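Peer 1: Mind having a look at this structure? Questions to follow.
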Amino acid sequence: MDFFFSIFPILVVLIGMLAFHRSGTFVSIVGWILSVLFAIYYFKTPWNVVWGATLMGFVKALGITLAVVFTMFLIFLMRETGALKRIIEYVKGIAKNKEEQTLFIGMGFGSLSTALGMVTPAMFPPIFLLLGFSPIAAIGISILCYDPLTSFALFTIPLTLPSKVAMAFGIKPPGIETLNDFIWDYTFKVTVLLPLISVIFAFLMLKVVGGKEAIKKHWREAIVAGFVLSGSALLIAGFRILPVEIIGIIAGLATMTTVYFLYRRKNGVSPIQKPSFDKSVFKACLPFLLLITISLIVNIPAVKMKLENFLGKAEVITVIADKKEDLNIFGNVWFWIMVVSFISIFILKPTGSQLNNVFKIWFKRIWGPFMAYSLFFAVAFIMAWSAMEIANGKLVPSQYFSQYNMDRIIGITLADIFGPAYPFIAPFLGLFGAFVGGSETASNVLFAKIQWEATVSTVGAEAFMWIYAAHAVGGGIASAITPSKITNAAATIGVGGREEAQFIKAVLVPVLFMCAIVGAITVIIVYI
């Protein structure tokens, strides 16, 4: 019963979306309420700890929620002023059909944008809608294109931040001496697990767009795109020839270039015969180009460090007890998306009526995604902090922690059930964590200790890095069914629960299948 009650709120979320066509916003509220009630009345968690976990969830989610909010503003501004339409016209000249557009934008530009910290579920739905895709396909590709490289998002924060946290927890697998060792080993093992997953995502995108017929006609291009994307990441990680932070950018660029030339060759069109990148196109693209340039600059290690330390302790807030959070305003991608959005008003020069329409639709549509992301983060922290208490001004495990912590219950139960086969289930735990928290980073951070304890007790510490990598890939795959991202994409184009449910039904089985593949590969590697 402990295990059932631990996962019950999440089961309600899933059933609410699949069976009752409720929006991600609605089920996030229901899931949060259930988590609060179970944490207090069953898992022996004081109400002030539950409230503090909720606040921490909202604060931790700010990096994503504010990025979503300002990305939506930028996209609405570009659409209202006609900039988005001009970009679409240019893209149609480069990528002639929907399948080519899917692989070029989805696999290539989507991976590049995700690596730069852009939020594709907020940015891409209007683009695909203007390209002539159906609302379901527009939502689907916009979410799926966040996933093919799984962990290489936001300048690879899903890998670097959990590495720091794991080392801080005292997790030190054999052969890992420094943080740099941990990051590179973690990154490499993630890329080893990616090739088949990236290819499957390419097929899944084609299926969402054109069904089996699209796969039948474009399977070769999908395979090449998937292997170029994952292979370039594996090559860089294996030889450590470039910083970890830009692996996703290079892989995305390589895929865009490859897809472009593949279709030029297939269609018998010379690469020279392409639409002119004139002044109007440059102006329309300038917000994106500006955002890419600024993102690259602010993530140069020396620049990033200065920006992160610029406000010092002034941006460090105490959430509850001894739990503090550095808001890191100038070093966070949402701040620069906000800056670019403001500058873009002067670049695109909307009329008063256009700007009024932008603000009107923006204020109407941002609340759903904001609440969904925030509440799912809150649920993740409620689960992580269950059976904890505040003592002497510090958040510490209570006397009930070993028996009633929800995350421990889930991890230990799975370890007991699967035993030596635990490596197979590791990506599913990553999937679960990211589904709950709405973020692979949150999943990797909150489940680090659980994965370590489960791995040591089942297959030994030497297997931890492979199992933790499988967890990360599972968390990345989860973005395809994360309610907060689906709600975000649907809100951008003004559709609701029914479209969200249709998409999640279409991808749920493939997502589980991909996690099974990752689990099987991990088992083989661990026991070779």
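Peer 1: Within the group I200, I250, I236, which residue is closer than 24 Å to P423 by Cβ and in a helix (DSSP H, G or I)?
Peer 2: Only one candidate qualifies: I200.
Peer 1: Which of the residues spanning the range 380-418 are free of Cβ contacts under 8 Å to residues at least 12 places away in the same chain and under 15 Å from T458 (Cα atoms)?
Peer 2: D416, I417
Peer 1: May I pose another question? V165 is checked against (1) over 17 Å from G476 (Cα atoms); (2) assigned to a loop (DSSP other than H, G, I, E, B); (3) modelled with pLDDT under 90 and fails just one. What number does that condition carry?
Peer 2: Checking V165 against (1) over 17 Å from G476 (Cα atoms); (2) assigned to a loop (DSSP other than H, G, I, E, B); (3) modelled with pLDDT under 90, the one that fails is (2).
Peer 1: Let me ask something additional. Before we move on, is L74 over 30 Å from S353 (Cβ atoms) and modelled with pLDDT of 80 or more?
Peer 2: Here the answer is no, as L74 does not meet what is asked.
Peer 1: If you take the residues in the range 425-478 that are of a type in the set (S, T, N, Q) and under 17 Å from the mean Cα position of the chain (by Cα), which one is farthest from I524 (Cα to Cα)?
Peer 2: Among those that are of a type in the set (S, T, N, Q) and under 17 Å from the mean Cα position of the chain (by Cα), it is S439.
Peer 1: The conditions are (1) farther than 19 Å from G231 by Cα; (2) among the hydrophobic types (A, V, I, L, M, F, W, C); (3) not in a helix (DSSP H, G or I), and F152 fails exactly one of them. Which is it?
Peer 2: That leaves (1) as the condition not met.
Peer 1: Return the residues of the range 50-103 that are more than 30 Å from Y263 (Cα to Cα), aromatic (F, W, Y) and in contact with a helix residue (DSSP H, G or I) (Cβ under 7 Å, 6 or more places away or on another chain); say none if nothing qualifies.
Peer 2: Once the filter is applied, which keeps residues that are more than 30 Å from Y263 (Cα to Cα), aromatic (F, W, Y) and in contact with a helix residue (DSSP H, G or I) (Cβ under 7 Å, 6 or more places away or on another chain), the range 50-103 yields F58, F70, F73, F76.
Peer 1: While we're here: I need the helices (runs of 4 or more DSSP H) fully contained in the range 25-134, keeping only those with at least 1 residues that are free of Cβ contacts under 8 Å to residues at least 40 places away in the same chain and buried (at least 22 other Cβ atoms within 10 Å of the Cβ).
Peer 2: In the range 25-134, 98-101, 120-123, 125-130 are the helices (runs of 4 or more DSSP H) which contain 1 or more residues that are free of Cβ contacts under 8 Å to residues at least 40 places away in the same chain and buried (at least 22 other Cβ atoms within 10 Å of the Cβ).
Peer 1: Quick one: which of F377, F342, F346, F330 is under 30 Å from M78 (Cβ atoms) and either assigned to a loop (DSSP other than H, G, I, E, B) or charged (D, E, K, R) (or both)?
Peer 2: F330
Peer 1: Further question on the same structure: Of the residues S280, S295, which is within 24 Å of the chain's Cα centre (by Cα) and either among the hydroxyl-bearing types (S, T, Y) or surrounded by fewer than 17 Cβ atoms within 10 Å (Cβ to Cβ) (or both)?
Peer 2: After applying the criteria, what remains is S295.
Peer 1: Under 9 Å by Cβ, and 6 or more places apart or on different chains, what pairs join a residue from the range 312-338 that is farther than 14 Å from G63 by Cβ with one that is among the hydroxyl-bearing types (S, T, Y)?
Peer 2: K324/T318
Peer 1: Sticking with this one: Considering only helices (runs of 4 or more DSSP H) fully contained in the range 420-528, which possess at least 1 residues that are modelled with pLDDT of 80 or more and surrounded by fewer than 24 Cβ atoms within 10 Å (Cβ to Cβ)?
Peer 2: 422-437, 448-458, 464-477, 483-493, 497-527
Peer 1: Moving on to the next point. Among the residues of the range 220-253, count how many are touching a residue at least 60 places away in the same chain (Cβ under 8 Å), within 17 Å of L154 (Cβ to Cβ) and surrounded by fewer than 22 Cβ atoms within 10 Å (Cβ to Cβ).
Peer 2: 3
Peer 1: Counting just the residues of the range 104-117 that are among the hydrophobic types (A, V, I, L, M, F, W, C) and touching a Gly at 6+ places or on another chain (Cβ under 9 Å), which one comes out farthest from W219 (Cα to Cα)?
Peer 2: Filtering the range 104-117 for residues that are among the hydrophobic types (A, V, I, L, M, F, W, C) and touching a Gly at 6+ places or on another chain (Cβ under 9 Å), the one farthest from W219 (Cα to Cα) comes out as L116.
Peer 1: Residues being small (G, A, S), farther than 29 Å from V27 by Cα and touching a residue at least 40 places away in the same chain (Cβ under 8 Å): count how many of those fall in the range 419-471.
Peer 2: Residues in the range 419-471 being small (G, A, S), farther than 29 Å from V27 by Cα and touching a residue at least 40 places away in the same chain (Cβ under 8 Å): 6 in total.
Peer 1: I need the full set of residues from the range 143-161 which are at pLDDT below 85 and in contact with a Phe, Trp or Tyr (Cβ under 6 Å, 6 or more places away or on another chain), in order please.
Peer 2: Residue satisfying the conditions is D147 alone.
Peer 1: I've got another one for you. In this structure, does Y186 turn out to be in a helix (DSSP H, G or I) and over 20 Å from G475 (Cβ atoms)?
Peer 2: no
The values are calculated or read from the model by the stated rules, or taken from the named source; none is laboratory data. In this text, all values refer to a predicted model and were calculated from it rather than measured experimentally. Here the Cβ is made from the backbone with ideal geometry for all residues, glycine too, and neighbour counts use every protein chain on show.
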